[in-house]
Amino acid sequence: MFKTQIIIPLIILLLWLVLAILSPWLPLDPNHIILPNILQPPSSIEWLGYDDLGRPILDRLIMGARTSFFVSFWVIFVSLTVGTLVGALSAWFGGYIDFIFVRIMDIFLAFPGILLAIALSAIMGPGIENVVFALSVVGWVGFARLTRAQTLSLKRREHVIAAIALGVKTPRILRYHIIPLLLAPLIIEATFGIAGIVIAEAGLSFLGLGVQPPAASWGSMIRDGTSYMLVAPHMVLAPGFTLLLVVLSVNILGDKLRDLLDVKNHNT
Amino acid sequence: MLSFLFSRLLSTLTVVLGVITLIFLLIHMVPGDPVQAMLGETATPTDLESLRQALGLDQPLLTQWWLYMSNLLQGNLGDSLYSKEPIIDILIERFPATLELALAGLLVAVLLALPLGSIAALRKDSIYDNGAMMFSLLGVSIPNFWLGPMLILLFSLTLGWLPVSGREGPLSLVLPAITLGTALAAILARMVRATLLEVLNEDYIRTARAKGLRESAIIIHHALRNASLPIITILGLQLGTLLGGAVITEIIFAWPGIGQLTIESIERRDYPLVQACILVISLSYVLVNTLTDILYAWLDPRVRYSV
């Protein structure tokens, strides 16, 4: 039971990931407009049908996966690096540094959900780089708060106290004695983070603030599809189910990972 | 309680100051010249200069910040570039719709989560538990900008039971509230389950059982009552997700609230109005969080003393 619950979501995720990575070498035609095919429903030739401009939906879904994974990778990379650094330094040095960093984290946490990302993408203009920037600005705080809390408790562990007593330098203690022990909770946070970022990127594109046409995103595909729900429901069903399946897979894997690594005091 | 109140309000004040400063700085993140971006390519140099002066963008940054702050304290948010009306009037007109939607979403979340979470906890590892947790997993995974259109497709376009969009009468609130509340319901159902499971293991529950109390009395008076504290806190903290999600929900259902106003002003490059919308939503969130904390401390003395 436990195994199938991991294998199915893993296969779904890997499938989309491989398709996204290999997409430049696949015979795809995501931007090719074929007028006679406009709004054509799924058939044996084109499995998922065509959109309102006569473009093949499956090809566009694969390009959308590319957008999604590209954004997720970079946002996690940036947020994880900045967040871990800020959190660890804040907890390690304490005092004024901690006071200031905690206030900064509080300010960023005061923006509800996706709102700050909407504001930033709106102000800086659409485009995939700006989406990465906007979501990283929102994303680093979670990692920083988690790292800070964990480091505060790790700081009092015997092996760290021993290292301090031996005169080991701070960067070395952080690198070898603190950060490796932070990895498990950070990996779990990052896994759930991916689910959030995939939805957020699609949400921004849904609002017209993400990647720009003709580039494909699952979010902008859903937005285009909502105008044709009665005549061509496949246009909104295909990207929606893909998005749901991918996010669901990530969340299931996150759950299982948490059970596996058994991290306590984590309540989402 | 007084010292807790004081320290909590002080930290709220610093957060509010920081939030306002960050929103103030937003306009300076516009690539190139923000005034040019707002007026477009066709603007004459005189137009540019007069708007720059009107917004105070020709002043040094610190002076601008001071001006923004002092205007804000007097309730003056400037005028909309698009409609020329005072921004504060536009916000007052739009805010009730968002509040109504958020409260309805909250209600949906509580009505779904309480029974689902309780049943899951009371019948742990049963088919009910698995079903409730599956719902919870689906609920957090389904994006509201897809759930909304799907509900419209089913209940409005196919069955014709509910209006497609707009804000006319209580029926028009049903689909937006479900769209907004589902994710929160999913998170909350998990929390209710986890909290109840913890509480059910406490000694006082065993005592209540030992003295022969009815199971329903144990659950309502002893278990749910003690579980309500953490649940209230989570509700307060998750309200931010609700307010953020309101932006997308309002767009889907053409709901005339602050969220729709935000996106409209983004499209019109009415940046002062965008700033004001973000400010209102964020400050409401900070306010709710502070009130939740105070309420929690008032209900549970342990919180007061630990600060």
Inset, instruction - Look at the stretch B:14-72 and say how many of its residues are more than 14 Å from chain A (Cβ to nearest Cβ) and part of a helix (DSSP H, G or I). - result: 23
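Please verify whether A:Ile34 is within 21 Å of A:Gly127 (Cβ to Cβ) and of a type in the set (A, V, I, L, M), treating the condition exactly as stated.
no
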Inset, instruction - Among what's in the stretch A:117-129 and is part of a helix (DSSP H, G or I) and at the interface with another protein chain (Cβ under 8 Å from one of its Cβ atoms), pick the residue that is surrounded by the most Cβ atoms within 10 Å (Cβ to Cβ). - result: A:Ile118
Legend entry - Meets criteria (surrounded by fewer than 18 Cβ atoms within 10 Å (Cβ to Cβ), within 18 Å of B:Arg193 (Cα to Cα) and out of contact with any Asp or Glu (no Cβ under 7 Å at 6 or more places or on another chain)) for B:Leu237: yes
Legend entry - Among the residues listed as B:Leu173, B:Leu154, the single one being open to solvent by 40 Å² or more (accessible area, probe 1.4 Å) and assigned to a helix (DSSP H, G or I): B:Leu154
Inset, instruction - Tell me which residues, restricted to the stretch A:23-73, are charged (D, E, K, R) and open to solvent by less than 50 Å² (accessible area, probe 1.4 Å). - result: A:Glu46, A:Asp51, A:Asp52, A:Arg55, A:Asp59, A:Arg60
Inset, instruction - Please name all residue pairs, on different chains or six or more residues apart, with Cβ atoms under 6 Å, provided the first residue is in the stretch B:58-77 and is closer than 20 Å to B:Ile90 by Cα and the second residue is of a type outside the set (Gly, Ala, Ser) and open to solvent by 80 Å² or more (accessible area, probe 1.4 Å). - result: none
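Tell me which helices (runs of 4 or more DSSP H) are completely within the stretch A:161-268 and hold 3 or more residues being of a type outside the set (Ser, Thr, Tyr) and either within 12 Å of another protein chain (Cβ to nearest Cβ) or touching a residue at least 40 places away in the same chain (Cβ under 8 Å) (or both), or say none if there are none.
Answer list for the stretch A:161-268: A:179-206, A:218-226, A:234-261.
Yes/no matrix, rows are residues, columns are (1) part of a helix (DSSP H, G or I); (2) open to solvent by 40 Å² or more (accessible area, probe 1.4 Å); (3) not aliphatic (A, V, I, L, M):
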residue	(1), (2), (3)
A:Phe101	yes, yes, yes
A:Phe111	no, no, yes
A:Val131	yes, no, no
A:Ala134	yes, no, no
A:Gly142	yes, no, yes
A:Ala149	yes, yes, no
Inset, instruction - Considering only the stretch B:128-143, state which residues are more than 8 Å from chain A (Cβ to nearest Cβ) and within 21 Å of the chain's Cα centre (by Cα). - result: B:Ser136, B:Gly139
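The values are calculated or read from the model by the stated rules, or taken from the named source; none is laboratory data. Bear in mind that the values here come from a model prediction, so they are computed numbers and not experimental data. Backbone-built Cβ (ideal geometry, glycine too); neighbour counts: all protein chains shown. Accessible surface areas use protein heavy atoms only, side chains included; no ligands, DNA or RNA. Shrake-Rupley method; radii C 1.70, N 1.55, O 1.52, S 1.80 Å.
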